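Chemist: Once you've had a glance at the structure underneath, I'll fire off some questions.
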Amino acid sequence: MRSAFLTYFRLIAADIRSQLGYPVSFLLETAGAGLIISMYFISLALVFQRFDNIAGWTLGEVAFLYGLIEMGFGTMDMIFSGFDPQFFGQIVRRGGFDKILLRPQSLTLQVLGSSFVIRRLGRILQGVVIFLIALSMVEISWTPVKIIYLPVVFASLVCFFGGFFIIGSTITFWTVESIEVINILTYGGSEMMSYPMHIYQDWMRRFFTFIVPAIFLNYYPALYFLDKPALQELPYFAPFLSPIAGFGVLFFALRFWRFGIRHYQSTGT
Amino acid sequence: MSDMISATDLKKHFVLHRHRPGFIGAVRNLITREHRLIRAVDGVNFHIECGEFVGYLGPNGAGKSTTLKMLTGLLVPTSGELLVNGRVPWRERQVHVGEIGAVFGQRTTLWWDLPVIDSLELLRHIYHIPADRFRKNLQEFRDLLELDHFLHTPVRALSLGERMRADLCAALLHDPRLLFLDEPTIGLDVVAKERIRQFIRHINLERGTTILLTTHDISDVEKLCKRVMIIDRGRLLYDGLLDKLHQRFGGNRQLVVDFGEIYEDVHVDGAQVTEQVGTRVTYHFERGTVTASELIGRLSSRFRIRDLEVREPDVEDTIRRIYEEQLLVRG
């Protein structure tokens, strides 16, 4: 187990060394990724200049949500780079997955170790900045439970998005044409989750409650942290379902991944 | 048990879905799919003993790489039995791949943007190679493969021949008992090819590593393997000594004669004239019916000969004839 993790860190270190071999492209892409996120947020702030709240949420409150999601998604996007369906789909198509199968190490660990895109730090950093701005704009009454629970929600978010990356990558064993659909779920999903979910229509909110349990990772916890009343009556434990939803999605994804590998080994590419 | 590989009635069938092009095609794909069964490997039997060096030949799509993928544990067979190095490859993937090595000429196993030595170091950890054994092996391969002058060069900057040498080194650092080589000399010049062949032969002889070589380059096989297996359309057509293959299917030998002057009638019993350009005449004759010296005797008694040459058919011709004329098709 220990040696497996050492191997993982060596693989990541190797990938980072490769990326640093192209310093200019690294700097440009990091700055670019961060800049795009900032532009989104600035446009959001401009909207708030005209309407001082969106469905009862102030700019600071939306920024809290936005920053949290950006940090979570950005971190996931860095840790799970190897499972980025776009990247992994290419690997499969070029026969690179055979190379992974030919090595005496866990497949999941090797895929995770195959890419660690550090330029995502740009996005993460922007998320941190937006989150800090949010904290300065809203008065959060911190309790010990809130302080402990915040990193838990963050970790759950990483697992949740990571699960979707794994599911998307697994689908590329069957077809690479469906990558767009998965992108809608991951990139589109994270975009949607940056806003308070009661602004969406009922069917959509139900979808993100019962089918894809995203609402437990952004909206409900945010209500709890910000001490905001929910539109409907919520069970008191709803904000605390983040880890169950997050780790549950990751668990399901890993099961599906195993299934996908079995399929790959019976058909090849 | 001295069998390194034993395959019994090994089969791999694929179901291929036909994809119709365009939007309407995509919709129709969802409703009805056309299936086609591909028998990539269709009941293959063979045994390879420890320390053997076997050439595995066949035209494109014959089932070579599917066989290879089953032997390395990448693919699960449809049916049949397969034991490699005492194991069922796909059941114990991690242990299995830890004891075999594979070089695919078209792809590299090395990290593209890193210096060669960094890749080798990474592989040391991935394969859990003890430090002293790693050092010893690396030293040996550095000398044999002359890796020194590009050990610190990123893989992307290597020439094809250098990359292949680095890949061979990478595949052997963990002392595999069995080595799979898929087109190891593809795209290389004559000198580079020869260097790689020498190294492979050395590994087989000195380390006793069992080697299965798939290649399109018949001269690889001629120079390295005693035994060849030929596969076509998923079935083994031939499994035996390369020499025997020659004798059975070698076809005609050639005698090229340069006469002292131009003769009207150059026919001779036991041989056929296939080409006549000026004083230069090419005869074909069958192995077993007449010997070269008999033929030369008959010719020299009638004509003045300036020069002559006996040509053996090469393996490439032999194998091409086997594919094309389906000489070995079983009923």
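Here, each number is a calculation from the coordinates, and none is a lab measurement. Quick caveat, the model's predicted, so the values are computed rather than measured. Every residue, glycine among them, receives a Cβ derived from its backbone with ideal geometry; neighbour counts consider all protein chains shown.
Chemist: Hey, which of these cross-link pairs are over 24 Å Cα-Cα: B:Lys223/B:Lys244; B:Lys136/B:Lys223; B:Lys69/B:Lys244; B:Lys136/B:Lys226; B:Lys11/B:Lys223; B:Lys12/B:Lys223?
Modeler: From the list (B:Lys223/B:Lys244; B:Lys136/B:Lys223; B:Lys69/B:Lys244; B:Lys136/B:Lys226; B:Lys11/B:Lys223; B:Lys12/B:Lys223), the Cα-Cα distance tops 24 Å for B:Lys136/B:Lys223; B:Lys69/B:Lys244; B:Lys136/B:Lys226; B:Lys11/B:Lys223; B:Lys12/B:Lys223.
Chemist: Now for a different question. State to the nearest 20 debye the size of the charge dipole of region B:1-153 about its Cα centre, where the only charges are +1 on K and R beta carbons and -1 on D and E beta carbons.
Modeler: The dipole of region B:1-153 has a size of about 1060 debye.
Chemist: Can I ask one more? Would you mind checking the tilt of helix A:121-137 against the longest principal axis of the Cα atoms of chain A, expressed as 0 to 90 degrees and rounded to 10?
Modeler: Orientation of helix A:121-137: about 10 degrees from the principal axis.
Chemist: Of the residues A:Met193, A:Met76, A:Met39, which exhibits the maximal mean-square fluctuation in a Gaussian network model of chain A defined by a 10 Å Cα contact cut-off?
Modeler: A:Met39
Chemist: For helix B:160-172, what angle does its Cα long axis make with the longest principal axis of chain B, in degrees from 0 to 90 and rounded to 10?
Modeler: 60 degrees
Chemist: Under a cut-off of 22 Å between alpha-carbon atoms, report the lysines in cross-link reach of A:Lys146, not counting same-chain residues fewer than 8 places apart.
Modeler: A:Lys228
Chemist: About the Cα centre of the protein assembly as shown, how large is the charge dipole given +1 on each Lys and Arg Cβ and -1 on each Asp and Glu Cβ? Please answer in debye to the nearest 20.
Modeler: 1200 debye
Chemist: Counting Lys and Arg as +1 and Asp and Glu as -1, what is the net charge of the other residues whose Cβ lies under 15 Å from the Cβ of A:Ala134?
Modeler: Combined, the nearby Lys, Arg, Asp and Glu give -2.
Chemist: With springs only between Cα atoms under 10 Å, which of B:Gly86, B:Gly58, B:Gly288 fluctuates most in a Gaussian network model of chain B?
Modeler: Its mean-square fluctuation being the largest, the pick is B:Gly288.
Chemist: Tell me, what is the percent relative contact order of chain B, built from C-alpha pairs under 8 Å that lie six or more residues apart?
Modeler: This gives 18 percent for chain B.
Chemist: Give me the distance between the Cα centres of region A:1-42 and region B:191-215, rounded to whole Å.
Modeler: After rounding, the separation between the Cα centres reads 40 Å.
Chemist: Something else now. Going by C-beta contacts inside 10 Å, put A:Tyr22, A:Tyr224, B:Tyr56 in order with the fewest on the left.
Modeler: A:Tyr22, A:Tyr224, B:Tyr56
Chemist: Please determine, in degrees from 0 to 90 and to the nearest 10, the orientation of helix A:144-171 with respect to the longest principal axis defined by the Cα atoms of chain A, where the helix direction is its Cα long axis.
Modeler: 40 degrees
Chemist: Using helices alone, I'd like the mean residue ellipticity at 222 nm for chain B: each DSSP H run of four-plus residues gives -39500 (n - 2.57), total over residue count, nearest 500.
Modeler: Using -39500 (n - 2.57) per qualifying helix, the result is -10500 deg cm²/dmol.
Chemist: Given the options B:Val88, B:Val190, B:Val27, which has the most mean-square fluctuation in a GNM of chain B, springs set between C-alpha atoms less than 10 angstrom apart?
Modeler: B:Val27
Chemist: Now, a different point. Between B:Gln94 and B:Asn45, what is the label-to-label distance in nm when each label sits 7 Å out along the Cα-to-Cβ direction?
Modeler: Distance between label points: 3.7 nm.
Chemist: Do you know the relative contact order of chain A, to the nearest whole percent, from alpha carbon pairs under 8 angstrom that are 6+ apart?
Modeler: It comes to 26 percent, rounded to a whole number.
Chemist: Taking only DSSP H segments of four or more residues, each worth -39500 (n - 2.57), what value at 222 nm results for chain A once the sum is divided by all its residues, to the nearest 500 deg cm²/dmol?
Modeler: -22000 deg cm²/dmol
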